[in-house]
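Structure, as structure tokens:
Just so it is clear, none of the values below were taken in a lab; they were calculated from the coordinates. The structure displayed is predicted, hence computed values, not measured ones. Neighbour counts are summed over all protein chains in view; Cβ atoms, including those assigned to glycine, are modelled from backbone coordinates with ideal geometry.
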Amino acid sequence: MKKILLVLALIITVAGIAQKNDVAPDAAKAAFSKAYSGAKNVKWEKENSNFEVSFTLNGQEASAIYDSKGTLLEFEQEMKVTDLPTVVTAYMKEHYKRDTVKGAAKITKAGGAVNYEAEIKGKDVIFDEKGKFIKEVKD
């Protein structure tokens, strides 16, 4: 009985992983493959009415959001905390004195607008390309 339950649990786990990676429409997958042919560790998830793909690109974590037609809506790539704009670093030191920035990312929107993300415990703090605070998002 234990073996049967173990096998069932394994099947459900594998099916869940396969379904997660098979969630995106062909148009989104094709656009992603064309744009990021060197991507590794590719994982798709549904995000509201869009599709987010997480992957590794040139040794860095990245993600992209596509709509169902395969249009890229947003690209996010991990960056070193020390590479955040100086104004962002200054803002974080002034407004989040007790928190250490644990991660950072550069987010490029479909229209070309750039945002920066500073990750602290339980929150992402978002800035525009000039380093102006936009919002705080809970993880």
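Scanning the range 37-48 for any residue that is free of Cβ contacts under 8 Å to residues at least 12 places away in the same chain, at positive phi and either among the polar types (S, T, N, Q) or in contact with a strand residue (DSSP E or B) (Cβ under 6 Å, 6 or more places away or on another chain) (or both) turns up at least one such residue. Of all positions in the range 95-108, at least one carries a residue that is among the aliphatic types (A, V, I, L, M), over 16 Å from the mean Cα position of the chain (by Cα) and within 24 Å of residue 126 (Cβ to Cβ). If you go through the range 74-94 and keep only what is closer than 19 Å to residue 122 by Cβ and of a type in the set (Phe, Trp, Tyr), you end up with just 91. Of all residues in the range 57-71, count the ones that are closer than 24 Å to residue 125 by Cβ and surrounded by 16 or more Cβ atoms within 10 Å (Cβ to Cβ). Summing the residues that are closer than 24 Å to residue 125 by Cβ and surrounded by 16 or more Cβ atoms within 10 Å (Cβ to Cβ) in the range 57-71 gives 5.
How many residues are surrounded by fewer than 17 Cβ atoms within 10 Å (Cβ to Cβ) and in a strand (DSSP E or B) when one looks only at the range 75-98? So the answer is 2. The residues of the range 99-139 that are surrounded by 14 or more Cβ atoms within 10 Å (Cβ to Cβ) and not in a strand (DSSP E or B), listed by number, are 99, 101, 129, 131.
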